[in-house]
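Report on the structure given below.
The values are calculated or read from the model by the stated rules, or taken from the named source; none is laboratory data. Quantities reported herein were computed from a predicted structural model and do not represent experimental measurements. When we count neighbours, we look across all protein chains shown, and the Cβ atoms used for this are built from the backbone with ideal geometry, even at glycine.
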């Protein structure tokens, strides 16, 4: 209970402040501009790091979900045997537990899949392109090893690809990208704390004579430190709020997610994720509060 009262008292002093104590801290100057700019720039970068991390998380979930419930069977056979082998594969899939649906891709759809690599005028009828069969799995999935054995026995030209070799590295890459985004946010916070600490120390050293006079008239170091902590915390809060606002406008102008364009068009926020950046200014103010408090105590101890 005592700790709660002390916290509320410190919060009230931070918000309300003391006009006389506030005169200790220069309202403008190098340290004021540095603190506001550093908080704003770091908050701007934090929004984009957060957007990257959230987009990577969505990408990992989508790849894991879509590729985990889809498989492909590739049928490499002479043209005169392809139709019969395709029909045999579809009959096997109909009797396979865990398979929801299966269909043979028509030539025009196969051409669209190959278009990004070979262009729009691909002559499929003159190329040895295998017949593809798309398999949709149930949530429980099917036994890929058993299906491979049956296909090798009844349709030797059919090869099952359950996308495992594609899914695992893609999902791992997306997860690492999300981790790098979160790590970037941590580094941004540490950089903000370091820059605000330097600014606070510079302001305290520049006002050493004023602090010495205040000590002579009975002012406690806690009273002096409170003025610096409050001013620098509010500067950081203001700068971070401006940085977040500008970054959210920039993110809003990014291209919306498009299925055909891949990952680079889905870097914005979606749904309730737009509320997440609003936590950055209070967190920036908290970092500034802790950094300035530590800097003020250390510098006041060193001053004569």
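Could you count how many residues in the stretch 182-223 are under 18 Å from residue 243 (Cα atoms) and outside any helix (DSSP H, G or I)?
The qualifying residues number 0.
Test residue 172 against the stated conditions and say whether it is farther than 30 Å from residue 291 by Cβ, at pLDDT below 80 and in the same structural domain as residue 281 (by TED's automatic domain parsing).
Details: farther than 30 Å from residue 291 by Cβ: yes; at pLDDT below 80: yes; in the same structural domain as residue 281 (by TED's automatic domain parsing): yes.
When the stated conditions are applied, residue 172 passes them.
Suppose we filter 69, 20 for residues that are over 22 Å from residue 199 (Cβ atoms), in contact with a strand residue (DSSP E or B) (Cβ under 8 Å, 6 or more places away or on another chain) and modelled with pLDDT under 80; which single one remains?
Numbers: 20 fails: in contact with a strand residue (DSSP E or B) (Cβ under 8 Å, 6 or more places away or on another chain).
Criteria check complete, one pass: 69.
Kindly list the number of the only condition in (1) surrounded by 12 or more Cβ atoms within 10 Å (Cβ to Cβ); (2) modelled with pLDDT under 80 that fails for residue 119.
Failed condition: (1).
List the pairs whose first member sits in the stretch 183-195 and is over 18 Å from residue 239 (Cα atoms), whose second member is exposed (fewer than 14 other Cβ atoms within 10 Å of the Cβ), and whose Cβ atoms are under 6 Å apart, counting only residues at least 6 apart or on separate chains?
none
Conditions tested, residue by residue: (1) farther than 25 Å from residue 50 by Cβ; (2) surrounded by fewer than 21 Cβ atoms within 10 Å (Cβ to Cβ).
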site	(1), (2)
172	no, yes
204	yes, no
210	yes, yes
221	yes, yes
241	no, yes
